[in-house]
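The values are calculated or read from the model by the stated rules, or taken from the named source; none is laboratory data. Only a predicted model underlies this, so the values are computations on that prediction, with no experimental measurement involved. Cβ: placed from backbone, ideal geometry, glycine included. Neighbour counts: every protein chain shown.
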Amino acid sequence: MVIATLAGVAAALALGVWQLDRADQKKAMQRAIDERGREAPLATAALPSAAEPPAPGLEHRRADLAGRWDVAHTVYLDNRVMDGHTGFYVVTPLKLAGRDEAILVQRGWAPRNAARREALPPVATPTGDVRIAGRLALSASRAYALGQDAQGGPIRQNVDLAAFQAETGLRLLPLVLLQTEPDGATGAAPGAGGVNGADGADGLRRHWPPPAVDVHKHYGYAFQWFALAALILGLYVWFQVLAPHRAGRAARADESADEQRHA
């Protein structure tokens, strides 16, 4: 019983400390996100090549990229929710200006046709040079999927960079840009003022949620583990120390009372 109690208390305390450590890691991540958000946007030439692994410090950095949309390889990520509505995330490769490489851009959200679920939403895409502002990520949005994603069609559950590169023949950078502003013509400021809740003339919404840090969740889990350790220790003290002691005192009191009655 002593060994089981010590093991349970030690395990609960270790898990509580681990949750506190996770909270510290999340706070450090939030500080890094805030610091990177204050840095100047990266230009097209500053991005790594398709053959290089992305530097850890690039994630969450702002970028201002120039290039042309590769509309033929646009895909629509299904079952994505924005502002309480289900639809698609529109993802299009951007062929970078002055480079023979492209980067996938998660351009925004478009509603789904409830009557014709296979119908694609209308998305206005400029055919000339554009400048795209956004935030860098290591991958596009991912949703839970059963089995292998179907390849080749415009509507997909997820998109994998390596598989998409092999499928399209594009030299893709190992990064994805989450577009935060409407398309702007090269050399001009991005436009603004969409219709029907959209953020720009392309009809897409870009209300991206901030990266989830959830520090308070880890504090809550740590409290639960520490409380469990205290409960295990308290139960041991009660049942193995206090209860036997009280039972012994009661037995001795009964014996004393019997002796007094027989005297």
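Of all the residues in segment 231-241, those that are loosely packed, with under 13 Cβ neighbours inside 10 Å and either among the polar types (S, T, N, Q) or within 17 Å of GLN19 (Cβ to Cβ) (or both) number 0.
Being touching a Gly at 6+ places or on another chain (Cβ under 9 Å), over 21 Å from LEU138 (Cα atoms) and in a strand (DSSP E or B) is a description that applies to ALA110. Here ALA28, ALA12 are screened, and the one residue that is in a helix (DSSP H, G or I) and more than 22 Å from LEU138 (Cα to Cα) is ALA12.
Against the numbered list (1) at pLDDT below 90; (2) surrounded by fewer than 14 Cβ atoms within 10 Å (Cβ to Cβ); (3) more than 27 Å from ARG38 (Cα to Cα), ARG112 comes up short only at (2). Note on segment 49-93: among residues that are within 23 Å of the chain's Cα centre (by Cα), closer than 21 Å to GLY108 by Cβ and without any contact (Cβ under 8 Å) to a residue 12 or more places away in the chain, the one that is surrounded by the most Cβ atoms within 10 Å (Cβ to Cβ) is VAL81. Which one is farthest from VAL2 (Cα to Cα), of the residues in segment 214-250 that are under 31 Å from the mean Cα position of the chain (by Cα) and at pLDDT below 90? Per the criteria, the residue is ASP214. Of all residues in segment 31-48, at least one satisfies being free of Cβ contacts under 8 Å to residues at least 24 places away in the same chain, assigned to a helix (DSSP H, G or I), closer than 29 Å to GLN165 by Cα and small (Gly, Ala, Ser).
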